[in-house]
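Encoded as structure tokens, the structure appears first; notes follow it.
Derivation of every value follows stated rules applied to the coordinates shown; laboratory data play no part. It should be emphasised that the depicted structure is a prediction, and the values quoted were computed from it without experimental measurement. Please note: Cβ atoms are built from the backbone with ideal geometry, for glycine as well, and neighbour counts cover all protein chains shown.
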């Protein structure tokens, strides 16, 4: 199994880049993560996330159903279900499974899969730019933004541990860079498209 793992502080553009990456590189399939947070407007269960109650999440965790889990914010858990990754990898014509996960979870996946996983850290150009992006989304209160920015500092300190760091100062440039890295990785693994 080959994995492409994208991670970033909230608001750095990771999900946008992941979607573009899958549109531009043949054979990439997305593995949907699970979370205990409530859906945002327009999000769909099983498409954007698998939305689980805290009790259901804890039961799945106790059963060993997760590849990685992280309590990203107090009482808010995210994780990658092993079965989701396996089912996605078993889909016809899959060259690699794409994970869009948190920093610590991404490092755990890299530890587990080694060279079969390519990790990309999507970095904002600065914490100030990240703050502007979070405010412009209009989806969170100031105290939530402050919490995300505090976490972003910790996450950015881990960037050197990743295979590739892509600075998302200009979206098109960041997408091109991510696509280039992923294509080169798949070629290295003998998975030409």
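Can you tell me the relative contact order of the chain? Whole percent, Cα pairs under 8 Å, sequence separation 6 or more. Can you show the working numbers first?
Working: 299 pairs, mean separation 62.4, N = 193.
The value is 32 percent.
Does the range 6-131 classify as rounded, prolate or oblate by the C-alpha gyration tensor (a ≥ b ≥ c root eigenvalues; a/c under 1.5 gives rounded; else a/b over b/c gives prolate, otherwise oblate)? In terms of gyration-tensor shape, rounded. Once every Cα of the range 67-193 carries one equal point scatterer and solvent is ignored, give the base-10 log of I(q)/I(0) from the Debye formula at q = 0.18 Å⁻¹, two decimals. Relative scattering, expressed as log10 I(q)/I(0), comes to -1.16. As a rough guide to protection, the peptides 53-62, 110-119, 72-81 ranked by mean Cβ packing within 10 Å, highest first, stand as 72-81, 110-119, 53-62. For the range 119-193, the Kirkwood estimate of hydrodynamic radius, built from reciprocal distances between every pair of different alpha carbons, is 14.0 Å. The range 29-56 and the range 144-193 have Cα centres separated by 22 Å.
Report the full-extension gain for the segment residue 24 to residue 146: residue separation times 0.36 nm, less the Cα-Cα distance, to one decimal in nm.
On the way: separation 122, 0.36 × 122 = 43.92 nm, distance 3.42 nm.
This chain segment gains 40.5 nm when fully extended.
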